[in-house]
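Step one of this worksheet: look at the structure below.
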Amino acid sequence: MDISIVVPLYNEAESLPELAAWIERVMAVNGFSYEVIFVNDGSTDSSWDVIKRLAAENPAIKGVAFRRNYGKSPALNTGFARAQGDVVITMDADLQDSPDEIPELYRMITRDGYDLVSGYKQKRYDPLSKTIPTKLFNATARKVSGIHNLHDFNCGLKAYRNKVVKHIEVYGDMHRYIPYLAKLAGFNRIGEKVVHHQARKYGKTKFGLDRFVNGYLDLATLWFTGKFGGKPMHFFGLLGSVMFILGFIAVAVVGFGKLWDMHHGNPYILVTDSPYFYLSLTLMILGAQMFLAGFVGELVARNSPRRNDYEIEEDLC
């Protein structure tokens, strides 16, 4: 099979027939063998009934229905697990992503050799309250991930080599960072394509401003687990050691200052009356706790069943 199209959705009953017809038209013109996997993320409207009707009319259309709303990442992960095509395309169900982009995305994967191609909505039909935070978010994501050629990490229109989606796990709200997840899994051939963005035709957006706060927290999580997930002592141990040493030096300075004043007959106060003593002691305690946290992290990592789960490209043994 050439292409699997994974479409996560929540309350998009009005747009589904038009999207399905559009996809079918593009596939027929280009002669692709394909499947469309609609993942109904606990919709409360008639989306699932529409999907069942479309599947009865077209055997290439398949559907999965969640019992309740879990979010976009679980929906994508479920679709990825079922995708059989050589190239996997993801797109949103609200008709803002154009299926006409699929042939070029497919070509970039199969002929240009990319592992992943992300869409770039260069001209967006969104309010400033959404576009400005998006620009800041993408700038931060480029800096942290090291994927400097991507301008729109969160674009729903993406193309993947099949083995990419089989080697990454999308959970929580990590769909925003699938290119970063792919890079951490060893898929470094990541490209970008400017895609056409259309104004929403039906309904309203399902995402609020809280996604930007959650997005930064998820990015910090990915950075930490990607860099120190297998060696937590390198982070906690180093930070704890630095804090403990600085606290110890500060305590020594406070004690030495008192001894100096005593030796020279200067007025002095008790060490315990100095606020610097307690700040230094707090720093030492926190440093020791961070160091112990590193030990606990190492124990967890050592007992992980995936501690030696490495991504092997080829094996001639």
Full-extension gain in nm, residue 135 to residue 300, via 0.36 nm per residue minus C-alpha separation: 55.7 nm
Separation of the residue 111 and residue 65 label points, Cα + 7 Å toward Cβ, nm: 4.1
Approximate spin-label separation residue 189-residue 44, in nm, with each point projected 7 Å along Cα-to-Cβ: 4.6
Rough spin-label spacing in nm, given labels placed 7 Å along Cα→Cβ, for residue 30 and residue 245: 5.7
Percent accessible area from carbon and sulfur atoms, the chain, protein chains only, probe 1.4 Å: 59
Cβ-derived FRET efficiency at R0 22 Å, residue 57 paired with residue 163, nearest 0.05: 0.10
Protection proxy ranking, peptides 140-146, 87-93, 267-273, 254-260, average beta carbon neighbours within 10 Å, highest first: 87-93, 140-146, 254-260, 267-273
Calculated FRET efficiency for the pair residue 288/residue 260, C-beta based, R₀ 30 Å, to 0.05: 0.60
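Quote to one decimal, in nm, the extra length available between residue 225 and residue 2 on full extension: 0.36 nm per residue of separation minus the C-alpha distance between them. Could you put the intermediate results ahead of the total?
Numbers: separation 223, 0.36 × 223 = 80.28 nm, distance 3.40 nm.
My answer for the length gained is 76.9 nm.
Exceeding 28 Å between C-alpha atoms, which entries from my cross-link table qualify? They are 143/201; 135/193; 143/163; 52/135; 62/135; 72/135. Don't skip to the end; give the middle numbers.
Values: 143/201 34 Å; 135/193 17 Å; 143/163 26 Å; 52/135 38 Å; 62/135 35 Å; 72/135 21 Å.
From 143/201; 135/193; 143/163; 52/135; 62/135; 72/135, over 28 Å: 143/201; 52/135; 62/135.
Please calculate how many Å² of accessible area the chain carries per residue, with a 1.4 Å probe and no DNA, RNA or ligand atoms counted.
Working: 17250 Å² over 317 residues.
Each residue of the chain exposes 54 Å² on average to a 1.4 Å probe.
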Residue-span extension gain [residue 278 to residue 238] - 0.36 nm each, minus C-alpha spacing: 12.2 nm
Theoretical FRET efficiency, 1/(1+(r/R0)^6), r = Cβ-Cβ of residue 213 and residue 18, R0 25 Å, to 0.05: 0.15
P(r) tail fraction, the chain - alpha-carbon pairs more than 24 Å apart, %: 62
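The values are calculated or read from the model by the stated rules, or taken from the named source; none is laboratory data. Computed from a predicted structure; not experimentally measured. Cβ atoms come from the backbone with ideal geometry, glycine included; neighbour counts cover every protein chain shown. All accessible areas refer to the heavy atoms of the entire protein, side chains included, with ligands and DNA or RNA removed. Shrake-Rupley method; radii C 1.70, N 1.55, O 1.52, S 1.80 Å.
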